[in-house]
Amino acid sequence: MEAAPVLEVRGITKRFPGIVANDHVDLELYDGEVLALLGENGAGKSTLMNVLFGLYKADEGEILLNGKPVTFHSSKDAIGAGIGMVHQHFMLIPVMTVAENIVLGDEPTTTGILLDYASAENRVRELAENFNFDIDPTMRIDRLTVGQQQRVEILKALYRRAEILILDEPTAVLTPQEAVDLFRILRELKGEGMSIIFISHKLNEVLDIADRVSVLRRGKVVDTIPTEGATEEGLAKLMVGREVLLTVEKEPASPGEVLLEVDDLYALDDRGLEAVRGVSLTVCAGEIVGIAGVDNNGQSQLIDAICGLAPSVSGRVVVAGTECHRASPREMTDVAGVGHIPEDRQRRGLVLDFSIAENIALHDYRHEPDSRRGWLYPGRLLAQAKSLIKEFDVRGGSPMSRAGVLSGGNQQKVILAREISRDPRVLIAAQPTRGLDVGAIEFVHRRLVNERDRGRAILLLSLELEEILSLADRILVIFEGRIVGEFTPEASEEELGLAMAGGTTQEHAA
Amino acid sequence: MTAIAVQRLRSDRTVPIVGIALGILAFWLTLPPVASRSWAVPVLLGIVAVLTGIVGITHGKLRLGWGAVASGLLGIILGLLALQSGVNHLKLVFSWGGLIAATLVYATPLTYAALGGMFSERAGVVNIALEGMMLVGAFFGIWGAVTTGNWILGLLIGMGMGGVFALVHAIWAIHLRADQIVGGTAINFLALGITGYFFIQIYGNNGTPDLSNGHWFRGESIPDVHIPGLQGGGFFDQVLGGLNLMIWLSFAALILSYVVLFKTSLGLRLRAVGEHPRAADTVGIDVYRTRYVAVIVSGMLAAMGGAYLSIGFVHSFNQNMTEGRGFIALAALIFGKWRPFGAFAAALLFGFSSALATQVPAAYTDSSVSVLSSGSLFQILPYVLTLIAVAGVIGRSIGPAAAGRPYVKQ
Amino acid sequence: MSEPTGIPPVEELESTTFAGRVTARWNTAGTASAIGTTVLAFFVGGLVVLATGHNPIDTYKAIFNGTGLEWLIPGVGNRGDDASNLQQTLIVATPLMLTGLALAFAFRCGMFNIGGQGQYLAGQVVSVIVATSWVGMNGPVHIVIALVLASVAGAFWAGIAGFLKATTGAHEVISTIMLNWIAIWVADYFFGLGGPFTGVAFNPSSAPILANTHLPVFWGDPLLQGLHIGFFIAIAMLVVYWLILNRTTLGFEVRAVGFNPEAARYGGISVKRSYFTAMAISGLFAGLAGAVDILGWEFSLSTPAVHTSQIGFIGIAVALLGRNSAVGIFFAAILFGALSVGTSTRQLDPNVFDPQLASNLTLIIQGLVVLFVGADVLVVAMWRSPGRLVRRLRTK
């Protein structure tokens, strides 16, 4: 490592309204090495890579390529400088062929006008053969598996003679077998002298593929260490960090009867891939069950399948003894009595152009007292909203004001008010405090504990480990669509972090 | 083993394809020159066609199978209808040479506009303003030709004005990110108003003056091309002998559009922008510029279709003279699945139904079949077929993925 | 629309639906921007007039004189002439309110119903057929039957597009455009020479409707086309529109789907059923508009009228300018009704401005209004968040 780094990042700072996504980040990438960038969701990994690829402009700091400072105004500049990037969401055109996708923007032509398909296909074929990619250049992208599509993305970078390859959470969309193939390819590329930045939050992968690892936490690089000699426990500790726990006062739970039972549930994501793979869990009256896990491990699909918002493939959902498999969203809220605080409050939880009163009536507008025989009584909506606004301390709006004018915390209170006031047996809270300020977080937490004590079964999903640890009475860890472990709240963060990163399962290496 | 599989596949497809052909034959045999007068001919052939369709469907060839069933049933119905008319009348209508020439005449404005629409929509900008852009081309084409005394300049002026209107649509769609349907609707209103206003202002109630005959490089109207050796009364003479120059040019425009869109890097980039602008952006393609160019080209092509109407075909201008042809062109584009030859085939089909609409009533003036004594129902065909196509009953039409969505740079 | 597997969807629109944006801004800068849009459109139209050698002020004055709006200012102008002109303006505004409502209702559910014209025609066709048959039926009953069946016809015609959208995902813009032209040519066939419903020899027209199916005139001389009670029907429908949207669960669902289909689905609303219902109700208004015109003043339907009618298309401008609100639609309909009456041959003094030019000026102004509304939605949206305006200007 005596040689100068091929890529050097010095003091990169990138701010977005309200947060500092990258805070004076320093990074060095050497020739022919794999550098892993490890961090939790929201640690600033993707922002940093978008800065490197010219998609964002850094507010401070500089990038040096082979010792010379460079400025990227667009991804075109980055590509020109020999940087290739494989985005988390592939930048591929489904209805075009592999060859077309790869040469796009830098096409071989005959006489300068006509596109030379033969030469494009040949060059792609050569490239693919060089690296043992099993890819037919004439295939249409939408006929390929996700793993193959990813290889096309890599070929795209190789075609543009990239010397530095950035992969943004490349295994997030892959099956374990595909991930093994990807690692083989990456080693091969490394052997050819390519320098690779590998973004991940999965510890075992990082140890498997990387030479060195830089750990990012809250926008800062906490440490950069060689993977040789590093352990999953050590990395997990670095990644999660020591933080002040938000303490929530609560009595020990006294669980009653089982109210929510999920049995061997399978569900697909919107790309048709299996996202929930045989999840079984129970939640009893008077307890909070927390689902811990890294983002994109099937949590959202699990909740959609339970709430009837997405069809499940197989399995059972039983609420208070009633079979609810494949029930409609309305049957789940009205008949089964499931309350749902959705993950994305602005896209799903609220109609932002509706008034607060209308949002509160979003489930119940069809029933008395809100309406009778199809006739709506807005006065009653307003009256109900008025009392709930008071009870849940919603500030910044009257029952008549648009939900969109409220702050995030108050929007969440409106949702909470709606879901809790319906007296649900089961309350599902998905990331209930995401993006909220401390006061609002405290309010939500207190309210959830309060509802637990009133005998509701609460299923809490969060990406914040502290939240799970401070609220849940039992903790389930989800990884790649499976529940991989059950813990008590006394479990250490390291233990949990390890399980969340797939550390305790061996399936991944298979 | 693969050879057998291929053969099986082929035979599965053959049966319904034969069926479709039989359905057409059922109708054709009742028309001149054969003009069979027996009801048994279309009925029997039609039934066989339906049966082949059923065979096709049971072998999993749903699309072709249903096509054969439809073809068989239509063959029976149309054949029986033809029997209602006298042979002499039928001969009048189905003088095939004349009918095909008329089809080409009606199809040409559609072809230009549909090709125009293809550029715009393939780049991701929905263009329901084809109607307005055609109208602009029609008016400013004739205005230019009369003012300069030269049809070439007239055509160029018409195209230029079509491009200007398209530019407005582009600014609204791309930079202002206005709803593309609203923008297109506005352009249609504006085109109708502005062409009507200037038509009255300039030409008053007398209408546009008579155009002088066109020759290759002079004259006010676009010339017909009289091909030496094809001036007799035979079939090919009727079809190809005296087509307008713009019809021949439309073939060139068709081929050129195909080559540009599918054989050049420009076309690849344009289509990429319409499918996945962000992917195009990440490899350094200027999404906005590509869209501007595509929409302006779209307006110019649509205007060519309009100019053909005014200075190539009708030789005058009337208010709202396009009469919805822009929307038929849109239909042709969708029916042809946003592909040049598909859109051209649809334009021919729709042109054929227009040609029939003007000629069929003659065959039924003394008949009791009132459906056919007016050509109106033939005018409906393009719209019904397109409705069926967008609903996906027969081969779903799905447009470019990003059409209608404004692109926001990161 | 089926999602291709393995490929993330193309980036989302920055806001919800266009309809959501139009409607939501009404309460804020909406009124001001509607007036601003209109003024700007008239100003640009005036420039066209000026550029072609006419005096825009005289022109607009003459058009205004023909609209009869002067009647509303006591003590000015000729009361008798103004009254009869105002009757004409309101006669035209009546169907415009209804087609405007049709467009607005679909907008509120997040759909663009360009098919107002076809649904209006469906209503005209059915009402003329009903009102020319069943001789001897009691007048008011006959009128009600004609109005109801015409509305149902409009609802059916629009319902086709709604059904296709709900079941196959076919885009309503394309299907309603196609349905417009199908309606036009079916009507052309029905009432064309030799058509099944042609009622006058050697004339492509229906028979005149029965005398007792004429809508009663309540203001002006029935023989000189006075204002018929269809005006009140339209006003009633403005109220009905408001009531459905704001006082029924159906309206709640429609608005929820229009603003945010995903949240509506989460709330338990069937988005697909809402698409169908909203489209059918939208067509109901347009079909009624057709019947009101037939029974109110047209009294028969001819094929030239079928081809030249623009009532459904103007409804687009009415709904957009009126920002989908009942009150806004009322004023926008009066504006466009006044414009088309003020520029008609009958009202406009040809010595000041050629009526043929003026009717095209109307189209230009209409186009400009729609164009500016399209952009102004954006301007108003950014008004609320100035940061975005700055950012947008910066993206080259």
Original post:
With (1) closer than 17 Å to B:GLY137 by Cα; (2) within 8 Å of chain C (Cβ to nearest Cβ); (3) over 23 Å from the mean Cα position of the chain (by Cα) as the list, and B:VAL182 as the residue in question, which single condition is left unmet?
Top reply: (1)
Original post:
How many residues does the range B:235-289 contain that are under 25 Å from the mean Cα position of the chain (by Cα), within 11 Å of chain A (Cβ to nearest Cβ) and not hydrophobic (A, V, I, L, M, F, W, C)?
Top reply: 6
Original post:
Does any residue of the range A:359-373 turn out to be on the phi < 0 side of the Ramachandran plot, more than 10 Å from chain C (Cβ to nearest Cβ), touching a helix residue (DSSP H, G or I) at 6+ places or on another chain (Cβ under 9 Å) and part of a strand (DSSP E or B)?
Top reply: no
Original post:
Can you tell me which residues in the range C:187-202 are out of contact with any Leu (no Cβ under 8 Å at 6 or more places or on another chain), within 14 Å of chain B (Cβ to nearest Cβ) and of a type outside the set (Gly, Ala, Ser)?
Top reply: C:ASP188, C:PHE190, C:LEU193, C:PRO196, C:PHE197, C:THR198
Subject >> Members of the range A:107-121 that are surrounded by 14 or more Cβ atoms within 10 Å (Cβ to Cβ), more than 7 Å from every other protein chain (Cβ to nearest Cβ) and at pLDDT below 90 >> reply: none
Original post:
Assuming C:PHE252 fulfils every condition listed in (1) at the interface with chain A (Cβ under 7 Å from one of its Cβ atoms); (2) modelled with pLDDT of 95 or more; (3) in contact with a helix residue (DSSP H, G or I) (Cβ under 6 Å, 6 or more places away or on another chain) apart from one, which condition is it?
Top reply: (3)
**OP:** Select, from A:GLU358, A:GLU368, A:GLU391, the only residue that is among the acidic types (Asp, Glu) and crowded, with 24+ Cβ neighbours inside 10 Å.
**Re:** A:GLU358
Subject >> Pick from the range A:124-145, criterion β-branched (Val, Ile, Thr) and assigned to a loop (DSSP other than H, G, I, E, B), ranking: modelled with the highest pLDDT >> reply: A:THR138
Subject >> Sole residue being under 30 Å from the mean Cα position of the chain (by Cα) and more than 25 Å from C:GLY110 (Cβ to Cβ), chosen from A:SER387, A:SER407 >> reply: A:SER407
**OP:** Looking only at the range C:64-71, decide whether some residue is crowded, with 19+ Cβ neighbours inside 10 Å, among the hydrophobic types (A, V, I, L, M, F, W, C) and at pLDDT below 90.
**Re:** yes
Original post:
Considering the range A:431-443 alone, what residues qualify as being surrounded by fewer than 22 Cβ atoms within 10 Å (Cβ to Cβ) and at negative phi?
Top reply: A:ARG434, A:LEU436, A:ASP437, A:VAL438, A:GLY439, A:ALA440, A:ILE441, A:GLU442, A:PHE443
**OP:** Answer with yes or no whether A:ALA172 is buried (at least 16 other Cβ atoms within 10 Å of the Cβ) and away from every other protein chain (no Cβ under 11 Å).
**Re:** yes
Original post:
Of all the strands (runs of 3 or more DSSP E) wholly in the range A:168-270, which have at least 2 residues that are out of contact with any Phe, Trp or Tyr (no Cβ under 8 Å at 6 or more places or on another chain) and of a type outside the set (A, V, I, L, M, F, W, C)?
Top reply: A:212-217, A:220-226, A:258-268
**OP:** Scan the range A:316-335 and give yes if some residue there is more than 25 Å from A:VAL279 (Cβ to Cβ), surrounded by fewer than 24 Cβ atoms within 10 Å (Cβ to Cβ), basic (Lys, Arg) and at pLDDT 90 or above, otherwise no.
**Re:** no
Original post:
Among the candidates A:GLU464, A:GLU486, which residue alone is acidic (Asp, Glu), closer than 21 Å to A:LYS237 by Cα and modelled with pLDDT of 80 or more?
Top reply: A:GLU486
Original post:
What single numbered condition from (1) modelled with pLDDT under 90; (2) more than 8 Å from chain C (Cβ to nearest Cβ); (3) in a helix (DSSP H, G or I) fails to hold for A:SER387?
Top reply: (1)
**OP:** Check A:ASP393 against each of (1) facing another protein chain (nearest Cβ under 9 Å); (2) among the acidic types (Asp, Glu); (3) part of a loop (DSSP other than H, G, I, E, B) and name the one condition it does not meet.
**Re:** (1)
**OP:** May I ask you to verify whether A:GLY112 is within 19 Å of A:VAL173 (Cβ to Cβ) and of a type in the set (Gly, Ala, Ser)?
**Re:** no
Subject >> Count of the range A:2-20 residues which are in contact with a Phe, Trp or Tyr (Cβ under 9 Å, 6 or more places away or on another chain) and assigned to a strand (DSSP E or B) >> reply: 2
Original post:
Looking at C:SER206, is it under 24 Å from C:GLY115 (Cβ atoms), within 14 Å of chain A (Cβ to nearest Cβ) and among the hydroxyl-bearing types (Ser, Thr, Tyr)?
Top reply: no
**OP:** Collect the residues in the range A:125-178 that are more than 21 Å from A:ALA36 (Cα to Cα) and of a type in the set (S, T, N, Q), keeping them in residue-number order.
**Re:** A:ASN130, A:ASN132, A:THR138, A:THR145, A:GLN148, A:GLN149
**OP:** Within the range C:255-279, work out how many residues are out of contact with any strand residue (DSSP E or B) (no Cβ under 8 Å at 6 or more places or on another chain), at the interface with another protein chain (Cβ under 8 Å from one of its Cβ atoms) and part of a helix (DSSP H, G or I).
**Re:** 7
Original post:
Which of (1) at pLDDT below 95; (2) buried (at least 17 other Cβ atoms within 10 Å of the Cβ); (3) of a type in the set (A, V, I, L, M); (4) under 19 Å from C:LEU149 (Cα atoms) is the odd one out, the single condition C:ILE233 does not satisfy?
Top reply: (1)
Subject >> Residue among A:LEU7, A:LEU92, A:LEU64 that alone is in contact with a strand residue (DSSP E or B) (Cβ under 8 Å, 6 or more places away or on another chain), closer than 29 Å to A:ALA128 by Cα and at pLDDT 90 or above >> reply: A:LEU7
Original post:
Hey, does the range C:62-74 have a residue that's touching a residue at least 60 places away in the same chain (Cβ under 8 Å), touching a Gly at 6+ places or on another chain (Cβ under 8 Å) and closer than 12 Å to C:ILE365 by Cβ?
Top reply: yes
Subject >> Residue list for the range C:280-310, filter: within 17 Å of the chain's Cα centre (by Cα) and within 14 Å of another protein chain (Cβ to nearest Cβ) >> reply: C:ILE281, C:VAL306, C:HIS307, C:THR308, C:SER309, C:GLN310
**OP:** Assess whether B:ALA355 counts as being more than 9 Å from every other protein chain (Cβ to nearest Cβ), assigned to a helix (DSSP H, G or I), modelled with pLDDT under 80 and farther than 21 Å from B:GLY132 by Cβ.
**Re:** no
Original post:
Hey, does the range A:148-159 have a residue that's under 19 Å from B:ARG271 (Cα atoms), over 26 Å from the mean Cα position of the chain (by Cα) and at the interface with chain B (Cβ under 10 Å from one of its Cβ atoms)?
Top reply: no
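The values are calculated or read from the model by the stated rules, or taken from the named source; none is laboratory data. This one's a predicted model, so the numbers in the text were calculated from it and none came from an experiment. For neighbour counting, all protein chains shown are included, and Cβ atoms are generated from backbone atoms with ideal geometry for every residue, glycine included.
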